[in-house]
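> I have a structure I would like to understand better, so I am pasting it below and will then ask my questions one at a time.
The values are calculated or read from the model by the stated rules, or taken from the named source; none is laboratory data. Just so it is clear, the model here is predicted, and its values are computed rather than measured. Positions of Cβ are generated from backbone atoms using ideal geometry, with glycine treated the same way; all protein chains shown enter the neighbour counts. Just the protein is used for accessible areas: all its heavy atoms, side chains included, with ligands, DNA and RNA removed. Shrake-Rupley method; radii C 1.70, N 1.55, O 1.52, S 1.80 Å.
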Amino acid sequence: IKEFPSLVSYNRFVELMQSNMFGLCLYLKTSCLGKCSGITFVDSTPIRVCDKKRIRNNKVFAGIADTGKSTMGWFHGFKLHIAVNDSGELLDFMITQATTDDRTPLKQGNFLKSIFGSLYADKGYLSKDLFKILFDQGIHLFTGIRSNMKNILMPMRDKILLRKRSIIETIND
């Protein structure tokens with residue numbers, strides 16, 4: 001305690017946490033992003049604010065956090081959408097409400113402004129409209145196919161890179 005004389009209590013830290021998120025995001029956006037190599041992986045992951053049993057009593061991000069559903073079930077908090085290159089460097093990120101669809105940040109022009117080439121994503125990003133929007137920007141979207149879809153021919157390079165999506169899953173974990 002001598003080393004940190006102005007250390008705040010845990011309760012005060014929790015109160016101050018939400019006011020510092022903007023500064024942290026600004027720092028990351030301006031000085032910690034990598035360069036696009038033409039191969040980009042995109043995914044989203046939940047950021048849980050509290051346990052699902054305590055959603056009603058949560059006060060940390062009251063009025064800001066939202067309740068949404070992911071593949072692992074219901075959660076209260078936000079979604080972190082990230083784009084990384086083939087080396088695992090962070091290219092861009094966006095924090096949204098928990099109820100936001102995964103495809104929404106890709107439809108907005110500012111999320112992918114520095115990205116070109118091929119974009120690899122999971123089946124949650126399947127959409128004809130999204131494919132057309134990205135194709136007009138010079139970005140080719142590659143996703144897996146659902147069980148009720150026709151199989152399409154895909155170059156072997158893209159099939160292998162689609163399997164390499166484990167890079168972004170590792171970053172999310």
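> So which residues in segment 22-44 are surrounded by 10 or more Cβ atoms within 10 Å (Cβ to Cβ), of a type in the set (Gly, Ala, Ser) and either part of a helix (DSSP H, G or I) or in contact with a Phe, Trp or Tyr (Cβ under 7 Å, 6 or more places away or on another chain) (or both), if there are any at all?
38
> A further question follows. Among the residues in segment 116-124, are any within 23 Å of residue 79 (Cα to Cα), part of a helix (DSSP H, G or I), open to solvent by less than 70 Å² (accessible area, probe 1.4 Å) and modelled with pLDDT under 85?
Yes, because at least one residue in segment 116-124 is within 23 Å of residue 79 (Cα to Cα), part of a helix (DSSP H, G or I), open to solvent by less than 70 Å² (accessible area, probe 1.4 Å) and modelled with pLDDT under 85.
> Let me ask something else. For segment 59-106, name all the residues that are of a type in the set (Ser, Thr, Tyr) and touching a Gly at 6+ places or on another chain (Cβ under 6 Å).
99, the sole residue that qualifies.
> Now for a separate question. Can you report the number of residues in segment 59-98 which are without any contact (Cβ under 8 Å) to a residue 40 or more places away in the chain, open to solvent by less than 60 Å² (accessible area, probe 1.4 Å), assigned to a loop (DSSP other than H, G, I, E, B) and charged (D, E, K, R)?
Going through segment 59-98 one residue at a time, the tally reaches 0.
Here's the yes/no breakdown for (1) small (Gly, Ala, Ser); (2) modelled with pLDDT of 85 or more; (3) loosely packed, with under 12 Cβ neighbours inside 10 Å:
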{"site": "100", "(1), (2), (3)": "no, yes, no"}
{"site": "105", "(1), (2), (3)": "no, yes, no"}
{"site": "135", "(1), (2), (3)": "no, yes, yes"}
{"site": "140", "(1), (2), (3)": "no, yes, no"}
{"site": "156", "(1), (2), (3)": "no, no, yes"}
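> Collect the residues in segment 52-71 that are within 19 Å of residue 12 (Cβ to Cβ) and within 18 Å of the chain's Cα centre (by Cα), keeping them in residue-number order.
64
> A further question follows. Return yes when residue 170 is in a helix (DSSP H, G or I), among the polar types (S, T, N, Q) and open to solvent by 20 Å² or more (accessible area, probe 1.4 Å) and no when it is not.
Yes: the conditions hold for residue 170.
> Also: Taking the stated definitions as given, is residue 109 part of a loop (DSSP other than H, G, I, E, B), at pLDDT below 80 and under 29 Å from residue 155 (Cβ atoms)?
yes
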